[in-house]
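Taken together, the values in this text are just the output of simple stated rules run on the coordinates, not laboratory data. For clarity, every value in this text was computed on a predicted model and none was experimentally measured. Cβ: placed from backbone, ideal geometry, glycine included. Neighbour counts: every protein chain shown.
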Amino acid sequence: MKKTYCYIHNDEPAVGDYPSREAAIEDCIYDLNLKLGDMLETGACVPVKVEELTPSACEIIDHMGEVAIDEIGEAAEDWLAGLTKEQMIRLQGKIDAAIYDWLLEIDELPTFCRVTNVKEHIVTEKDLDNDPE
């Protein structure tokens, strides 16, 4: 996957999907009509994977166990206590796949990114000379 960049100004959400920091800076200056000495930030965009957002199999199994004990009582206490690591890994794969497929079906896969390697940039005269207008 090709690396892309975005710009951030005044703690607003990151904007863009640019091929370089320079392109992000240029668009930020133009889009926001920034002036000499104004500050912006650029960062690398790292796509968020659906698996990073799904609940863990452990959380789900723990929740199911708690509900069973609350609803049924002591008889449900050991239910699912003997699951193996392999069973939990398989369950996690099924959870991730089901949520991914559902998000794909409803056209809601994440379009946002994690911004890393953020660098501050102060608008210079050279930046303003590159203004597309």
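Some notes on this structure:
- Note on LYS49 and PHE112: the extension gain reaches 21.7 nm, defined as 0.36 nm multiplied by sequence separation minus the Cα-Cα distance.
- D_trans [Stokes-Einstein, Kirkwood Rh over alpha-carbon pairs] for the chain, 25 °C, 0.890 mPa s, µm² s⁻¹: 132
- Estimated inter-spin distance, ILE72 and THR84, nm [label 7 Å along Cα→Cβ]: 2.3
- Panel order for TYR30, TYR100, by other beta carbons found within 10 Å of each beta carbon, from fewest to most: TYR30, TYR100.
- Rounded FRET efficiency, nearest 0.05, which uses the C-beta distance separating MET39 from LYS2 and R0 of 30 Å: 0.65
- Free-standing Cys residues across the chain, given no other cysteine C-beta under 4.7 angstrom: CYS6, CYS28, CYS58
- Extension gain for THR124 to LYS94 (0.36 nm times residue separation, less C-alpha to C-alpha distance): 5.6 nm.
- Normalised contact order of the chain, rounded percent, pairs of Cα under 8 Å and 6 or more residues apart: 36
- Listed by number, the DSSP H helices of the chain that run 24 Å or longer by alpha-carbon position along their axis and have mean Kyte hydropathy of at least -1.0 are 85-105.
- Using alpha carbons only: equivalent-ellipsoid semi-axes of segment 50-105, gyration tensor based, whole Å: 25, 13, 8
- Where trypsin sites (Lys or Arg not before Pro) fall in DSSP loop in segment 1-62, at most 14 other Cβ within 10 Å: LYS2, LYS3, LYS35, LYS49
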